[in-house]
Amino acid sequence: MFSAALSDLTDVRGGATPASLTRRLTTYCVELLPVDAAGVMLLNPAAPGATADARPAGHRVEVTASSDPALREVELYEAGTGQGPCVEALFTGRPCGVADLSAACPRWPGPTVRAVAAGYRAMWAQPMRHLGHSVGVVNLYRRSTGLLSPHHQERARKLAHAATLGLLLLWARTLRAERLRKNLGSRIVIEQAKGILAARLGLSPEAASEVLGAQAQLHHSPVPDLARALVDRPDGPWPPPAPGTLPR
């Protein structure tokens, strides 16, 4: 069952999303580890890790999955305030365990009081990292005091790692799709520009393509940028203005 869970967390075929993958991660954690609840926070966008007191500017922590609505409120508080064992594990890249949440109140008063009020007595925050970069953290809560055993800590690490790989595959797929859309858009603009040049200069499409490429090389400008300038102003000057003065 454990091996099957690891395999499933890296399977991003079909309609998998970061939200659905992290929900699967929390389900597996509760089923396969001696914990009563689990939650996942992701750093958006994923970025190099930092200290808990030096969060990378422009990045936010998002709660993407929680097995218990009461736990979700605790984690939303941590994400919003930047305080608590979960956020510390996320930014330092080191697991953070709390054997007795009541005893940890002086260090993290807000999160620990809320966690205890929700019925939890101990927790373990396992970072989700890849090649030194923070991706997120999976947070495991128990209704009894005490840390996870080393065996179960290692299982938590493996589950977090498998989910991290799955998330990276999802993000890579999204980037590929965006790149394809951008390339397709550039092709369309270039074809439009070739048509404009062919009509204006009385050229064949092939000759218009050569003229467009030659002007782009002369201006040290990408062909799509020059094509966009021509499509935006089809009656503008040709040859186009000097470098740096192309109409936007």
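The values are calculated or read from the model by the stated rules, or taken from the named source; none is laboratory data. Owing to the predicted nature of the structure, the values given are computational and were not obtained by experimental measurement. Neighbour counts are summed over all protein chains in view; Cβ atoms, including those assigned to glycine, are modelled from backbone coordinates with ideal geometry. Note: accessible area is taken over every heavy atom of the protein model, side chains too, but ligands, DNA and RNA are not part of it. Shrake-Rupley method; radii C 1.70, N 1.55, O 1.52, S 1.80 Å.
How much space per residue, in cubic angstrom, does the convex hull of the C-alpha atoms of segment 1-48 take up? Could the numbers behind the result be given before it?
Values: hull volume 5.0 nm³, N = 48.
Measuring per residue, one finds 103 Å³ for the Cα hull of segment 1-48.
Can you show me the helix-derived [θ] at 222 nm for the chain, built from DSSP H runs with n ≥ 4 at -39,500 (n - 2.57) apiece and divided by the number of residues, rounded to the nearest 500. Don't skip to the answer; put the middle values down first.
Numbers: 8 runs with 130 residues, N = 248.
Per the formula, -17500 deg cm²/dmol.
Keeping the other protein chains in place, figure out the carbon and sulfur percent of the accessible area of segment 83-140, with a 1.4 Å probe. Before the final figure, lay out the partial values.
Working: 1150 of 2090 Å².
Roughly 55 percent, rounded to a whole number.
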Exercise for review: Just add up the charged neighbours of H152: K/R +1, D/E -1, any other residue whose Cβ is under 14 Å from the Cβ of H152.
Suggested key: +1
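Test of understanding: express the Cα radius of gyration of the chain as a ratio to 2.2 N^0.38 Å, with N the residue count. Let's see the in-between values first.
Values: Rg = 26.2 Å, N = 248, 2.2 N^0.38 = 17.9 Å.
Here the answer is 1.47, to two decimals.
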Point to revise | Efficiency of FRET between I188 and R72 - r from beta-carbon atoms, R0 41 angstrom, step 0.05 | key: 0.40
Point to revise | Whole-Hz couplings from phi, Karplus 6.51/-1.76/1.60, listed for segment 92-105; x for Gly and Pro | key: 8, x, 10, x, 10, x, 10, 6, 9, 4, 5, 6, 8, 4
Check your understanding: If you roll a 1.4 Å probe over the heavy atoms of the protein chains, what accessible area per residue do you get for the chain, in Å²?
Key -> 50 Å²
**Study point:** Local electrostatic count at G166 - Lys and Arg +1, Asp and Glu -1, tallied over other residues with Cβ under 10 Å
**Key:** -1
